[in-house]
Amino acid sequence: MLIVKKFGGTSVGNSERIQNVAKRIAAEYKKGNDVVVVLSAMGKMTDVLIDQAKELNPNPPKREMDMLFTIGEQQSVALMAMALDAIGIPAISLNAFQVPMETTKVYGNARLKKIGTERIRHELESKKVVIVTGFQGVNKYEDYTTLGRGGSDTTAVALAAALHADACEIYTDVDGVYTADPRIVKNARKLEEITYDEMLDLATLGAGVLHNRSVEMAKKYGVPLVVRSSLNESEGTVLKEETTVERMLISGVALDKNVARISVMGLKDEPGIAFKLFDCLAKANINVDVILQSIGRDGTKDITFTVAKDEADNAVKTIHANKARITLQDITVNKHVNKISIVGAGMMSNPGVAAKMFEALYNVGVNINMISTSEIRVTVIVDEGKAEKAMNAVHDAFALGE
Ligand code: ADP
Ligand code: ASP
Ligand code: MG
């Protein structure tokens, strides 16, 4: 069997944890299996690197950020190979150039295009454990790129697909996928199984336990994926096309803290204004999420929308730069908002779901800033300070912990 195992930052956060993971890898290897390991940077290393960069430049060039980021994963794979060597297991670490892992050219948010398997296969044939840097890739300019925060999951799934692995195991610091982040919602329940689609929605709406593109890729290539703990032996959560357990109305609650709300006030109330506003943002590569437009009054209207927090300043700058096209009176930015979503295919045929969520928020005195819905999710924007209370209230209202 060929098994891809991915260990996240906390799981390799210090020498002792690296040694524990090395023992787990050794046990798999000794069963006679081929083992490919993908690692994240140790602990909070990626955040430390961002802080270091920002001390020198508040707006560091993205290419140089990627160059910097790659040292994090390179450190952990080299140390893991040493830890395995120390317990008599032959191992070799490889970075994105050595594999190679080819990506699109965008720095900071590249997509994997092609993975070379020859070198890995060769190393596996010579009975080595192969340890690959997560998160990083190489673009056509022969520069390092990265896949976006949390991207090591995607590296692991992509490798599993390219190598036609028999299993892909994502080891993290919780026991599996829960109905909500167990660090925020104490009575969140671990799911034995979840469909790729449900997991994709949860991940896209902020459940950071898996990088959303890893789920997308696992579904596309039918990669058998399991999320489990690196700290204990418990079973974990299996991702499947169809689950055998009965579908719940709601599969989970997700929190996204990476949100900022921008209000553009005093826009002319005439055709083409929304187009001009969002067109200039699209051209600047800024993704807009929830959008709210007020009813026109006295010939003007307001449009409020959300973007990722680190895009907010850029969005405001872009709108100001396009003032000749977009007449407006004022822009305000609020970086202290969070997004809470409930997800589940079951809500499609259940009209009361949104109202139930709003009632739960009302009962704990949480004000809703913005609302957006689709057939399978309801999203609200609330003040940052109220988000955890709101998460718990919504989770309880749907009795997800039971
Ligand atoms: P790793 O470094 O292993 O990739 P992450 O921090 O990226 O770990 O992801 C694991 C974390 O995801 C957990 O510690 C947990 O706080 C968070 N999380 C958010 N939503 C969920 C969820 N629905 N189920 C489990 N964990 C979740
Ligand atoms: N080290 C990267 C990050 O912190 C990638 C990952 O952990 O998956 O985002
Ligand atoms: Mg992660």
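Overview of values
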{"quantity": "Of residues in segment 143-162 being outside any helix (DSSP H, G or I) and not small (Gly, Ala, Ser), the one farthest from ligand 3 (Cβ to nearest atom)", "calculated": "143"}
{"quantity": "Qualifying residue in segment 245-259 (condition: over 30 Å from residue 189 (Cβ atoms) and either within 23 Å of the chain's Cα centre (by Cα) or without any contact (Cβ under 8 Å) to a residue 40 or more places away in the chain (or both))", "calculated": "no"}
{"quantity": "Residue satisfying all of: in segment 184-198; among the acidic types (Asp, Glu) and touching a strand residue (DSSP E or B) at 6+ places or on another chain (Cβ under 8 Å); nearest to residue 391 (Cα to Cα) among these", "calculated": "198"}
{"quantity": "Of all residues in segment 1-19 being surrounded by 18 or more Cβ atoms within 10 Å (Cβ to Cβ) and part of a loop (DSSP other than H, G, I, E, B), the one that is farthest from ligand 2 (Cβ to nearest atom)", "calculated": "13"}
{"quantity": "Which numbered condition residue 227 misses (of (1) within 14 Å of ligand 3 (Cβ to nearest atom); (2) in contact with a Cys (Cβ under 7 Å, 6 or more places away or on another chain); (3) of a type in the set (Val, Ile, Thr))", "calculated": "(2)"}
{"quantity": "Odd one out for residue 165, checked against (1) more than 21 Å from residue 10 (Cβ to Cβ); (2) part of a loop (DSSP other than H, G, I, E, B); (3) within 16 Å of ligand 3 (Cβ to nearest atom)", "calculated": "(3)"}
{"quantity": "Strands (runs of 3 or more DSSP E) completely within segment 205-310 that count 2 or more residues being crowded, with 21+ Cβ neighbours inside 10 Å", "calculated": "225-229, 237-240, 252-268, 300-307"}
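Yes or no, residue by residue, for (1) free of Cβ contacts under 8 Å to residues at least 60 places away in the same chain; (2) within 16 Å of ligand 3 (Cβ to nearest atom); (3) within 23 Å of the chain's Cα centre (by Cα):
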| position | (1), (2), (3) |
| --- | --- |
| 22 | no, no, no |
| 38 | no, yes, yes |
| 45 | yes, yes, yes |
| 96 | yes, no, yes |
| 102 | yes, no, yes |
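No value in this document is a laboratory result; all are computed from the given coordinates. These figures come from a predicted structure and were not determined experimentally. In this analysis, Cβ positions are derived from the backbone assuming ideal geometry, glycine residues included, and neighbour counts consider all displayed protein chains.
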